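Colleague: There's a structure below that I have some questions on.
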Amino acid sequence: MAETICIVDDEPAILNSLSSILEDEGYQVITATNGLEGMKLVRSDAPDLVILDIWMPEMDGLETLKRLRSQLPGILVVMMSGHGSIETAVKATKLGAYDYLEKPLDLEKVTILVRNALHQRKLEEENLNLRIQVERRFELVGSSSIMNRLRSMIEMAAPANSRVLISGPNGTGKELVARAIHLQSPRHNKPFVEINCAAIPETLIESELFGHEKGAFSGATSMKRGKFELADGGTLFLDEIGDMSLATQAKVLRVLQEQQFTRVGGTKLLNVQVRVIAASNKDLSEEIGKGNFREDLYYRLNVLPIVVPTLKERRDDIPELAQHFLKMHSEEQGMKPKEFSPHGLEALQQHDWPGNIRELRNLIERLLIMVPKPVIDAPDVEMFLQVRAPSGVPSLSVGTNYDSLREARNVFEREVISQKLRDNNWNVSKTADELKIERSHLHRKIKLLNVELRPEH
């Protein structure tokens, strides 16, 4: 469908020449001879672009532009005038005009400007749609009173530049809260950069945070920008900060204090303006008492504390969450949507959900794929809730052909480590504790067995 351009000018010769040129370019053109007529036409036909003359009787172009922008803030307008001045052009731009044309018109310049303006509009619409999709994927679902309080806290925290400390068990949606704060903040058009402090080996975390110069260490074949640098102007989300070593904590504290740092192996001080949001599934005040977390860093981070509730604490939200995940997964999988019966939803609400939102989301995906019926009922829910090993560890089939005992052991260890990492939200320290091995030993196993080490999204 051809894009529509509305030309508003009191000179018939301009209307005819512009209309002819733009129609030859494939655009649909509508015209008006004064500002009032132009406003009526814009409201009724919703054109993609308005070309508006400044000097007109009854109501001039600047006043018309002002009224159009007040009624239709997103309207795309190009001004034109035979009595132009820099002052007029500046005034038009301040009122929201995309650009300014001088008469007599250079028709080639007009076509280029129109093409660029409409292309810019298309990019803006695509970016808006993309942002809507992102916001939808990361939206906080739920209408319970506890969720409404959480949203209120997010709304209060978002406009500020103050640091936020988000706490709550694994799987509760701490990252979603961090993203919601960013998307509602003045920094929403700037980067949102995240790093899982528990998933990065201690030997690499400094380079990940601050970047490194070429030749800084073995394997540093080129310069690399770190997370702080990548997040400049935006938000840096430090997930599972309670697993960060004391040495790295000291370096992060210095950046927060001074808003500057040097890359690993570098000498140049880099200045950054970053809002830091941190999260932890640990009680950091207890970790301070154990000597595992710096008290001064805690107080730097804990300016605006937010506690995310467990799913057990917000059972009323489970039906809404279930329907949300069912729709989301069906779209992602390209499958026909399904629905829950009332008894199916009741079965979901009766479960304690130790894995919180993540457990529910994964179960919904499993039900969508494995239940052949269009309606998921209570027995389906109960059956798939029970489909897991009692210890949380996968079993190894003895019927599988392995070339050696070592291969079988490696397969089993890979499955066990992968499962434990997922259960612990990729927290390497906690996984090592549960497997009763040293963290360094776990890192070697992860590398040796080629275990995928990344957070789920």
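Colleague: Which condition from (1) touching a Gly at 6+ places or on another chain (Cβ under 9 Å); (2) on the phi > 0 side of the Ramachandran plot is the one that R275 breaks?
Modeller: The number of the failed condition is (2).
Colleague: Give all pairs with beta carbons closer than 7 Å in which a residue from segment 368-379 that is within 16 Å of Q350 (Cα to Cα) meets a residue that is hydroxyl-bearing (S, T, Y); count only pairs at least 6 apart in sequence or on separate chains.
Modeller: Partner pairs satisfying both residue conditions: I376/S341; D377/S341.
Colleague: Also, quick follow-up: So which of V307, V303 is within 20 Å of T172 (Cα to Cα) and either loosely packed, with under 14 Cβ neighbours inside 10 Å or of a type outside the set (F, W, Y) (or both)?
Modeller: V307
Colleague: Would you point out which residue out of I200, I205 is outside the structural domain of N425 (by TED's automatic domain parsing), β-branched (V, I, T) and touching a residue at least 12 places away in the same chain (Cβ under 8 Å)?
Modeller: Exactly one of I200, I205 is outside the structural domain of N425 (by TED's automatic domain parsing), β-branched (V, I, T) and touching a residue at least 12 places away in the same chain (Cβ under 8 Å), namely I205.
Colleague: List the residue pairs whose Cβ atoms are under 7 Å apart, where the first residue sits in segment 89-118 and is in contact (Cβ under 8 Å) with a residue 24 or more places away in the chain, the second is among the acidic types (D, E) and surrounded by 13 or more Cβ atoms within 10 Å (Cβ to Cβ), and the two are 6 or more positions apart or on different chains.
Modeller: As it stands, the answer is T111/E25; L113/D99; A117/D99; L118/E3; L118/D48, since those pairs meet every condition given.
Colleague: Here's a check for you: in segment 47-64, which residue that is over 21 Å from L113 (Cβ atoms) and touching a Leu at 6+ places or on another chain (Cβ under 9 Å) is modelled with the lowest pLDDT?
Modeller: Checked segment 47-64; the qualifying residue modelled with the lowest pLDDT is E58.
Colleague: For segment 429-454, enumerate the residues that are under 24 Å from R361 (Cα atoms) and modelled with pLDDT of 85 or more.
Modeller: K430, T431, listed by residue number.
Colleague: Here is a follow-up. Which residue, of F210, F237, is among the aromatic types (F, W, Y), touching a Phe, Trp or Tyr at 6+ places or on another chain (Cβ under 6 Å) and within 30 Å of K420 (Cα to Cα)?
Modeller: Going through F210, F237 in turn, the sole match is F210.
Colleague: Assuming P201 fulfils every condition listed in (1) surrounded by fewer than 20 Cβ atoms within 10 Å (Cβ to Cβ); (2) at pLDDT 90 or above; (3) within 27 Å of L176 (Cβ to Cβ); (4) touching a helix residue (DSSP H, G or I) at 6+ places or on another chain (Cβ under 7 Å) apart from one, which condition is it?
Modeller: Of (1) surrounded by fewer than 20 Cβ atoms within 10 Å (Cβ to Cβ); (2) at pLDDT 90 or above; (3) within 27 Å of L176 (Cβ to Cβ); (4) touching a helix residue (DSSP H, G or I) at 6+ places or on another chain (Cβ under 7 Å), only one is false for P201: (2).
Colleague: Could you grab the pairs with beta carbons closer than 7 Å, sequence gap of 6+ or different chains, first residue in segment 432-450 and exposed (fewer than 14 other Cβ atoms within 10 Å of the Cβ), second one in a helix (DSSP H, G or I) and modelled with pLDDT of 80 or more?
Modeller: So the pair list comes out as E434/K420; E438/A432.
The values are calculated or read from the model by the stated rules, or taken from the named source; none is laboratory data. Bear in mind the structure is a predicted one, so any value in this text is a computation, not a measurement. Backbone-built Cβ (ideal geometry, glycine too); neighbour counts: all protein chains shown.
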